[in-house]
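The structure under discussion appears below in the form of structure tokens.
The values are calculated or read from the model by the stated rules, or taken from the named source; none is laboratory data. Keep in mind that this is a model prediction, so the values were computed, not measured. Every residue, glycine as well, gets a Cβ built from its backbone with ideal geometry; the counts of neighbours run over all protein chains shown. Calculation scope for accessible area: heavy atoms of the full protein, side chains included, ligands and nucleic acids excluded. Shrake-Rupley method; radii C 1.70, N 1.55, O 1.52, S 1.80 Å.
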Amino acid sequence: MVNGVGEGCAPLSAVADAVLYEGYLLYPYRRSSAKNRVRWQFGVLLPRNWVERDGPVTPGLSGSADSWYQQTECLVRARREDAAVRVRVRYLQLQHKQVEAADGDGGHRPVESLRTADGVTHLSFEEAVPRETELVLTLEELLHGGRTVAVGAPAGVEYETLPAGAGRTARRRREVRARATVVAEPLAPELYRLRVRTENADQAPDPAAPRGAVLGQALLATHTLLVGDGVEFVSLIDPPAGLVEQVRGCRNAFTFPVLGGAPQRSGGEDGATGASLLSAPIILPDHPQVAPESPGDLHDAAEIDEILTLRTMLLTDEEKAEARATDPRAARIVDRVDTMPQEVFARLHGTIRSLAPAQASAQAPASARPAWWQEGGDDGLFPTTDTVLVDGVPVGGGSRVRLRPRVRGADAQDMFLAGRSARVSALFHDVDGSVHLAVTVDDDPAAELHGWYGRFHYFRPDEVEPLAVADAPDQGGPAGPRSPRPAHRADRPERGRSDARA
């Protein structure tokens, strides 16, 4: 397989291919564009001696940093003795397209561009070829040493003759040497930690060479797909409460594993699980999907199809001709935009997917909560006096609470406030019917100032616990905003977009 991920991975196929071509060619899709001269930014595995010429690399918060390896660790539950895991390691192999003009003596000479008699211009440029290696391992094999296999690609060259004997196009690839190791270890009955480690096994002839000189030996946009047979993957973003510590023990380097397929819950437990997993060099949510409105790839990360389509429409005929000559995929984008039916383009304008039915609050029934986008939608909401029940206690402006941010998914700054006492200043309603508590921290010396000009920390009701007044020291802080502020929402409706990348 080269372009698809095959049977069993269908829900993730489009997303995996989007990852594969992440940043492959950026708008305006022309070779002359400066940003297309610095490509291949995600999941790049280069020869180790080149990467570590200045010292060992350390995994950071971004998967875009160059490395010589990529490691995925995740938790799996195996319900059967004959359980198995299918692993696919996927990447792009760099291919240099060189245009060569006929020299009249039966030979050819390299040129940057060549215009043939049919009026078509051909440009020398860098392309890429998709590569994929599949392994199927039983649980027994995984627990007894696993398996290491070669996942590289051979060198090669292909020639394409241009019309009227004007010359030819030569596409050359260097050998990519790489290996992947898949192994598992038991953690508890039916619970295992699975590891997939992919490494560039080559050496750069000159470690001091510029990056572009060694990209031909690299794995580009490297990512891993896993599908279970009798195996259930545990979300590393939203794990069951009983597996939080085991999830923290997973070490992922230069990649971010997320669940694929449709969301599901396991055995009535909190926390998400799934039958497939995508480990990509970019950050995605669990269960990513391509927007159904998207008519095709535009190769810009997290692309907004309508904007890129409009911009492509605005290219001049000369610019479109250069884009077509730059790369076959760019040519397909331009052709698709030029022939896009009006009804397809209209669907790109946006879709709202984030709204849920509003829930009735303790203050008013659902019938009294008009839709936010209607005039008067804020009527009847009073942030300084509205309350919400937390553990059976009404909590609102002036209430004392203990901050308990979520273990996973919380804002990093909020996590630093875990266990601190705070005073609620106001309660704000969100567009989906939920509420947020605006608080000032008791031991913050600027609490009174924050309350005066409305700079708060925001927590959900399930992220706080009520405190009796005697349980929290009175260290100042306002009982509410110094000046009552107009009722407003803690967030705005997220305008849906025809977003082709999760």
Please find, within region 294-334, the residue that is surrounded by the fewest Cβ atoms within 10 Å (Cβ to Cβ) out of those that are of a type outside the set (D, E, K, R), assigned to a loop (DSSP other than H, G, I, E, B) and in contact with a Leu (Cβ under 6 Å, 6 or more places away or on another chain). HIS299
Of the listed residues (VAL290, VAL337), the one being touching a residue at least 40 places away in the same chain (Cβ under 8 Å) and of a type outside the set (Gly, Ala, Ser) is VAL290
Say whether the condition of being under 22 Å from PRO210 (Cβ atoms) and touching an Asp or Glu at 6+ places or on another chain (Cβ under 9 Å) is met by at least one residue in region 73-89. no
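For ALA128, are the conditions met, namely being open to solvent by less than 80 Å² (accessible area, probe 1.4 Å), under 30 Å from the mean Cα position of the chain (by Cα) and aliphatic (A, V, I, L, M)? Can you show your working first?
On the way: open to solvent by less than 80 Å² (accessible area, probe 1.4 Å): yes; under 30 Å from the mean Cα position of the chain (by Cα): yes; aliphatic (A, V, I, L, M): yes.
Spelling it out, ALA128 is indeed open to solvent by less than 80 Å² (accessible area, probe 1.4 Å), under 30 Å from the mean Cα position of the chain (by Cα) and aliphatic (A, V, I, L, M).
In region 184-209, what count of residues is obtained for those that are farther than 21 Å from VAL244 by Cβ, over 22 Å from the mean Cα position of the chain (by Cα) and open to solvent by 10 Å² or more (accessible area, probe 1.4 Å)? Show your work before the answer.
From region 184-209, those farther than 21 Å from VAL244 by Cβ are 196-209; that's our starting set.
If we keep only those that are over 22 Å from the mean Cα position of the chain (by Cα) too, we end up with 200-209.
The next check asks that each one be open to solvent by 10 Å² or more (accessible area, probe 1.4 Å); those that pass are 201-203, 205-209.
Residues in region 184-209 being farther than 21 Å from VAL244 by Cβ, over 22 Å from the mean Cα position of the chain (by Cα) and open to solvent by 10 Å² or more (accessible area, probe 1.4 Å): 8 in total.
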Check on VAL151, crowded, with 18+ Cβ neighbours inside 10 Å and of a type in the set (A, V, I, L, M): yes
Conditions (1) free of Cβ contacts under 8 Å to residues at least 60 places away in the same chain; (2) open to solvent by 50 Å² or more (accessible area, probe 1.4 Å) -> LEU259 fails only (2)
One residue is enough: does region 333-347 have a residue meeting the conditions within 25 Å of THR222 (Cα to Cα) and of a type in the set (Gly, Ala, Ser)? no
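If you check GLY165 against the conditions, is it in contact (Cβ under 8 Å) with a residue 60 or more places away in the chain, of a type outside the set (D, E, K, R) and on the phi > 0 side of the Ramachandran plot?
yes
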Among (1) closer than 30 Å to GLY165 by Cβ; (2) at pLDDT below 85; (3) surrounded by 19 or more Cβ atoms within 10 Å (Cβ to Cβ), which single condition is GLY104 missing? (3)
Subset of region 78-103 [of a type in the set (A, V, I, L, M) and within 28 Å of the chain's Cα centre (by Cα)]: ALA78, ALA84, VAL85, VAL87, VAL89, LEU92, LEU94
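So is GLY212 assigned to a helix (DSSP H, G or I), at negative phi and open to solvent by less than 60 Å² (accessible area, probe 1.4 Å) or not?
Details: assigned to a helix (DSSP H, G or I): yes; at negative phi: yes; open to solvent by less than 60 Å² (accessible area, probe 1.4 Å): yes.
For GLY212, the condition - assigned to a helix (DSSP H, G or I), at negative phi and open to solvent by less than 60 Å² (accessible area, probe 1.4 Å) - is met.
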Go through region 30-45 residue by residue and tally those that are modelled with pLDDT of 90 or more and of a type in the set (A, V, I, L, M). 2
For PRO239, only one of the following conditions fails: (1) more than 21 Å from PRO263 (Cβ to Cβ); (2) assigned to a loop (DSSP other than H, G, I, E, B); (3) touching a residue at least 12 places away in the same chain (Cβ under 8 Å); (4) not polar (S, T, N, Q). What is its number? (1)
Of the residues ALA221, ALA117, which single one is open to solvent by less than 20 Å² (accessible area, probe 1.4 Å) and either touching a helix residue (DSSP H, G or I) at 6+ places or on another chain (Cβ under 7 Å) or under 24 Å from ALA330 (Cβ atoms) (or both)? ALA221
Going by what's in this entry, would ASP305 be described as at pLDDT below 90 and acidic (Asp, Glu)? yes
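Any chance region 114-131 includes a residue that's under 30 Å from ARG195 (Cα atoms) and aliphatic (A, V, I, L, M)? Write out each step before concluding.
Pass one, region 114-131, residues under 30 Å from ARG195 (Cα atoms): 128-131.
From what's left, aliphatic (A, V, I, L, M): 128-129.
The answer is yes, given that some residue of region 114-131 is under 30 Å from ARG195 (Cα atoms) and aliphatic (A, V, I, L, M).
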Hits in region 335-349 - residues which are within 19 Å of TYR27 (Cα to Cα) and open to solvent by less than 40 Å² (accessible area, probe 1.4 Å): VAL337, MET340, PHE345, LEU348
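Taking the stated definitions as given, is VAL227 on the phi < 0 side of the Ramachandran plot, in a strand (DSSP E or B), open to solvent by less than 30 Å² (accessible area, probe 1.4 Å) and at pLDDT 95 or above? Can you show your working first?
Details: on the phi < 0 side of the Ramachandran plot: yes; in a strand (DSSP E or B): yes; open to solvent by less than 30 Å² (accessible area, probe 1.4 Å): yes; at pLDDT 95 or above: no.
No: the conditions fail for VAL227.
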If only one of GLY43, GLY55, GLY106 is part of a loop (DSSP other than H, G, I, E, B), within 18 Å of the chain's Cα centre (by Cα) and not polar (S, T, N, Q), which one is it? GLY43
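Pick from THR138, THR72: which is in contact (Cβ under 8 Å) with a residue 12 or more places away in the chain, open to solvent by 40 Å² or more (accessible area, probe 1.4 Å) and hydroxyl-bearing (Ser, Thr, Tyr)? Let's see the steps before the verdict.
Working: THR72 fails: open to solvent by 40 Å² or more (accessible area, probe 1.4 Å).
Going through THR138, THR72 in turn, the sole match is THR138.
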Given (1) part of a loop (DSSP other than H, G, I, E, B); (2) at pLDDT 95 or above, LYS97 misses just (1)
